[in-house]
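Structure record follows, encoded as structure tokens.
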Amino acid sequence: DRGAYPYYMLKEIDEQPAVLHRIQKAYLESGDKPAISPDLLEAMKQADRLYIVGAGTSYHAGLVGKQLFEKLTEIPTEVVLASEFAYADPMLSKHPFFIFLTQSGETADSRQVLVRVNEEWHAPSLTITNVENSTLYREATYQLLLNAGPEIAVASTKAYTAQIAVEAVVAKALGMARDVEVAKNFDLQRELSLAANAIQAIVDEKAKIKEIAHEDLAKTRNAFYIGRGVDYFVALEAALKLKEISYIQAEGFASGELKHGTIALIEDQTPVIALITQGKTASHTRSNIQEVKSRGAQVLAIVSEELAKPGDKIVIPTISELLMPLISVIPAQLLAYYASLERGYNVDQPRNLAKSVTVE
Ligand code: F6R
């Protein structure tokens, strides 16, 4: 039931602080040590490489997860697109462990990889999904639930943030089991509370984002999101959100790559939305902003408070850089939502798309 909400998507965007609290409750009640089964942790400890498999938004959550797993567990992690990996000839490591990210648990492309994992590669696997007893839930060795509650809108929002949060939970538990210092010192309980508060602060000011969507996205033919590192991965997700419900041709680019070709597409008034949440690369992305500005782009920045400069339009609270994708994606979800509304589309049911894609 969407209650007073005009669309499920807005309700689901608003639910994200509550979803993070549910994840805390499900996995972090018992203090510092996440409630993850010892069997699962033992199986993951044997791995010399983690493979995260997903499609669409779930793949984007996997990209963000790579850094969480590598920083917190020190196990090399690869992120693969299910539809590509299903028919690839990968040089697997000796002891691979597969993590499937899937909101529905029914995505055919992801399932095809799981079939190979079980029948050909005989490797252990974990499915992280929102749907208990779904196909990928049943067929994996281990399973964890997202606890996001039903996601009805075709465009995924709360499942994406839930996936990142649960990846953080698993990475923290595994890192602690492996005695990794960074994991031991990472106060995930506190970070998720800060993240929930930060998201709440952004959704409370959604009128501002609506205004920006009206000014900069209502009429445009195309738009670009740029960023570096995890900001780039959020740029990919932000662009997917915008294109699937507003039909604006939107692309996410690594900001340093723009000048190697894509910058040719920048015209007068082309919206370029820059994500800046990582101290190490902030000044580089700022230079890339200058490059597109001087070619006429209409630049919008989504910046963490700590890195903000006068004139930045969307300033978001700062939490641990590892978890900033939980925060920086929220204005992008809202921009997509309001751009779709402005252009007069059915936000929850975009053309040509189904909620779960059960064909390869
Ligand atoms: C985008 C979106 C899709 C799904 C993708 C995978 O908003 O919803 O890109 O993320 O089809 O679906 P799941 O996560 O159910 O495997």
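The values are calculated or read from the model by the stated rules, or taken from the named source; none is laboratory data. As the structure is a prediction and not an experimental result, all values here were calculated from the model. Ideal geometry is used to build each Cβ from the backbone, glycine not excepted, and the neighbour counts take in all protein chains shown.
Can residue 101 be described as of a type outside the set (S, T, N, Q), outside any strand (DSSP E or B), within 14 Å of the ligand (Cβ to nearest atom) and touching a strand residue (DSSP E or B) at 6+ places or on another chain (Cβ under 7 Å)?
Values: of a type outside the set (S, T, N, Q): yes; outside any strand (DSSP E or B): no; within 14 Å of the ligand (Cβ to nearest atom): yes; touching a strand residue (DSSP E or B) at 6+ places or on another chain (Cβ under 7 Å): yes.
Against the criterion (of a type outside the set (S, T, N, Q), outside any strand (DSSP E or B), within 14 Å of the ligand (Cβ to nearest atom) and touching a strand residue (DSSP E or B) at 6+ places or on another chain (Cβ under 7 Å)), residue 101 does not qualify.
For every residue, the table says whether it meets (1) closer than 20 Å to residue 79 by Cβ; (2) not hydroxyl-bearing (Ser, Thr, Tyr).
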residue	(1), (2)
103	yes, yes
107	yes, no
113	yes, yes
125	yes, no
134	no, no
137	no, no
159	yes, yes
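Provide a single number: the residues in the stretch 40-54 that are in a helix (DSSP H, G or I) and over 24 Å from the mean Cα position of the chain (by Cα).
3
Any chance the stretch 118-127 includes a residue that's surrounded by 20 or more Cβ atoms within 10 Å (Cβ to Cβ) and closer than 18 Å to residue 68 by Cβ?
Yes, some residue in the stretch 118-127 is surrounded by 20 or more Cβ atoms within 10 Å (Cβ to Cβ) and closer than 18 Å to residue 68 by Cβ.
Where in the stretch 139-256 are there strands (runs of 3 or more DSSP E), lying wholly inside it, with at least 3 residues that are closer than 16 Å to residue 299 by Cα and of a type outside the set (A, V, I, L, M, F, W, C)?
Counting at least 3 such residues, we get 222-227.
Let me spell it out: the conditions are (1) closer than 23 Å to residue 241 by Cβ; (2) more than 14 Å from the ligand (Cβ to nearest atom), and residue 188 meets all of them except one. Which number is the exception?
With respect to (1) closer than 23 Å to residue 241 by Cβ; (2) more than 14 Å from the ligand (Cβ to nearest atom), residue 188 is out only on (1).
Which one of these does residue 184 not meet: (1) surrounded by fewer than 24 Cβ atoms within 10 Å (Cβ to Cβ); (2) closer than 21 Å to residue 276 by Cα; (3) among the basic types (Lys, Arg)?
(2)
Looking at the stretch 113-121, is at least one residue touching a strand residue (DSSP E or B) at 6+ places or on another chain (Cβ under 6 Å) and not in a helix (DSSP H, G or I)?
Looking for residues that are touching a strand residue (DSSP E or B) at 6+ places or on another chain (Cβ under 6 Å) and not in a helix (DSSP H, G or I), one finds none in the stretch 113-121, hence no.
Confirm whether residue 169 is out of contact with any strand residue (DSSP E or B) (no Cβ under 6 Å at 6 or more places or on another chain), modelled with pLDDT of 95 or more and more than 16 Å from the ligand (Cβ to nearest atom).
yes
Looking at the stretch 46-66 only, could you name the residues that are among the hydroxyl-bearing types (Ser, Thr, Tyr) and away from the ligand (no atom under 13 Å from the Cβ)?
Passing the criteria: only 51.
Using the structure shown, decide if residue 85 is more than 19 Å from the chain's Cα centre (by Cα), surrounded by 18 or more Cβ atoms within 10 Å (Cβ to Cβ), farther than 20 Å from residue 355 by Cα and within 16 Å of the ligand (Cβ to nearest atom).
yes
Let me confirm something: among 349, 333, which residue is within 16 Å of the ligand (Cβ to nearest atom) and in a loop (DSSP other than H, G, I, E, B)?
Among 349, 333, only 349 is within 16 Å of the ligand (Cβ to nearest atom) and in a loop (DSSP other than H, G, I, E, B).
Between a residue in the stretch 121-140 that is at positive phi and any residue that is buried (at least 21 other Cβ atoms within 10 Å of the Cβ), which pairs come within a Cβ distance under 9 Å, given they are 6 or more apart or on different chains?
Partner pairs satisfying both residue conditions: 133/105.
Any idea which residue in the stretch 104-132 is nearest to the ligand (Cβ to nearest atom), counting only those that are of a type in the set (D, E, K, R) and within 21 Å of residue 161 (Cα to Cα)?
Initially, the stretch 104-132 is screened for residues of a type in the set (D, E, K, R), giving 106, 109, 111, 116, 119-120, 132.
Filter once more, keeping what is within 21 Å of residue 161 (Cα to Cα): 106, 132.
On the way: 106: 7, 132: 14 Å.
This residue is 106.
Among what's in the stretch 133-166 and is of a type in the set (Phe, Trp, Tyr) and within 16 Å of the ligand (Cβ to nearest atom), pick the residue that is farthest from residue 118 (Cα to Cα).
Taking the stretch 133-166 as the starting set, the residues that turn out to be of a type in the set (Phe, Trp, Tyr) are 137, 142, 160.
With the extra rule that they be within 16 Å of the ligand (Cβ to nearest atom), the set shrinks to 137, 160.
Working: 137: 13, 160: 26 Å.
Within the stretch 133-166, the match that is farthest from residue 118 (Cα to Cα) is 160.
It is to be established whether one or more residues within the stretch 249-264 are touching a residue at least 40 places away in the same chain (Cβ under 8 Å) and closer than 25 Å to residue 334 by Cα.
No, because not a single residue in the stretch 249-264 is touching a residue at least 40 places away in the same chain (Cβ under 8 Å) and closer than 25 Å to residue 334 by Cα.
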